[in-house]
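Enquirer: The following block contains the structure, expressed as structure tokens.
Derivation of every value follows stated rules applied to the coordinates shown; laboratory data play no part. What you are looking at is a predicted structure, and each value in this text was computed from that prediction instead of being measured. We place every Cβ from the backbone using ideal geometry, glycine too, and count neighbours over all the protein chains shown.
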Amino acid sequence: MSSVNKDLDFTRSVTNSSILKKNILFLFLVFWCSCAFGQYYYHNPKKSYDKYYIGASVGVGNAFWFSHMKNNNLLNKDGSTLIGGDKIDFTAKNPTQFADINVLFPYQKIRYGFGLSFEEFFMDKLTITSQDNVIALLSDKYIFDKMYIQTEIPFYPNCKSPLSICGNVHLGYFGYHGSTRLNFFGGDHLAKSFFTTLGFTVDYKLYPHCYVFVFPLYEYKYYRSSLQDAPASVAHNINTFCFSGGIRIDLSKD
């Protein structure tokens with residue numbers, strides 16, 4: 001099989017896998033949104049923190065990459081070698097933007113929930129730390145599709161103020177699509193990937209059941225290519241600092 005056909009097969013498998021993951025994520029969110037709306041018809045809150053939220057937000061930030069490649073090459077878009085070597089370590093900083101939708105359910109004084117986030121990265125250069133900090137120029141854009149569970153803890157759960165502050169933790173899984181450099185992530189089949197998010201939510205009640213909020217956050221992502229790619233391997237450690245804002249609706253009855 002020619003190298004061109006191999007690249008096409010690889011691209012097709014990555015695309016099909018990404019479509020499947022996106023469909024699963026979408027169905028997963030629809031299921032939990034249905035649960036939230038179902039709870040609306042049976043629930044009457046007795047406490048100020050007893051809320052069922054569905055929310056949407058957008059955000060921007062910066063991502064800091066610390067990555068490693070073994071028995072692999074950094075490629076140009078045409079498939080030629082940009083940086084070669086048995087071991088390549090590199091760092092990068094790039095802007096990111098994302099959209100997020102999620103649901104939250106109360107249990108005692110803590111809220112639990114699920115969500116989806118779609119994060120877009122814009123990469124323009126890398127610093128090759130394993131080769132005397134050589135700067136490698138490249139232009140690439142890709143999207144991470146993230147699914148997560150979350151916990152939100154109100155700092156003052158019994159407060160009647162329209163302003164509230166909550167701690168928030170996410171833990172989830174992500175896939176990717178859109179990259180034009182075929183081996184930047186290796187094959188995403190059976191790849192190990194997870195992320196965790198720490199932040200706090202500040203929301204303000206505009207109208208009955210309607211809140212605006214801001215959510216500054218720190219997020220750590222880990223990606224490791226599949227063992228099926230051995231002896232080649234790719235590992236990414238990504239630290240992201242973001243600021244987001246949006247609207248969320250309280251579905252509970254008055």
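Enquirer: Could you please rank Ser252, Ser193, placing first whichever residue has the fewest other Cβ atoms within 10 Å of its Cβ? All intermediate terms of the calculation are to be shown ahead of the outcome.
Expert: Details: Ser252 16, Ser193 19.
Exposure proxy ranking, most exposed first: Ser252, Ser193.
Enquirer: Answer rounded, prolate or oblate for the stretch 74-215, using the Cα gyration tensor with square roots of eigenvalues a ≥ b ≥ c: rounded when a/c is under 1.5, else prolate when a/b is larger than b/c, else oblate.
Expert: Numbers: a/c = 2.94, a/b = 2.65, b/c = 1.11.
Judged from the Cα gyration tensor, the stretch 74-215 comes out prolate (a/c at least 1.5, a/b above b/c).
Enquirer: A follow-up question, please. In what sequence, highest mean first, do 204-215, 161-172 appear when ranked by Cβ atoms within 10 angstrom?
Expert: Order by mean packing, descending: 161-172, 204-215.
Enquirer: By counting other Cβ atoms within 10 Å of each Cβ, how are Leu104, Leu251 ranked from fewest to most?
Expert: Listing Leu104, Leu251 from fewest to most nearby Cβ atoms yields Leu251, Leu104.
Enquirer: How do Glu120, Glu219 line up, fewest other C-beta atoms within 10 Å first?
Expert: Fewest to most other Cβ atoms nearby, the residues stand as Glu120, Glu219.
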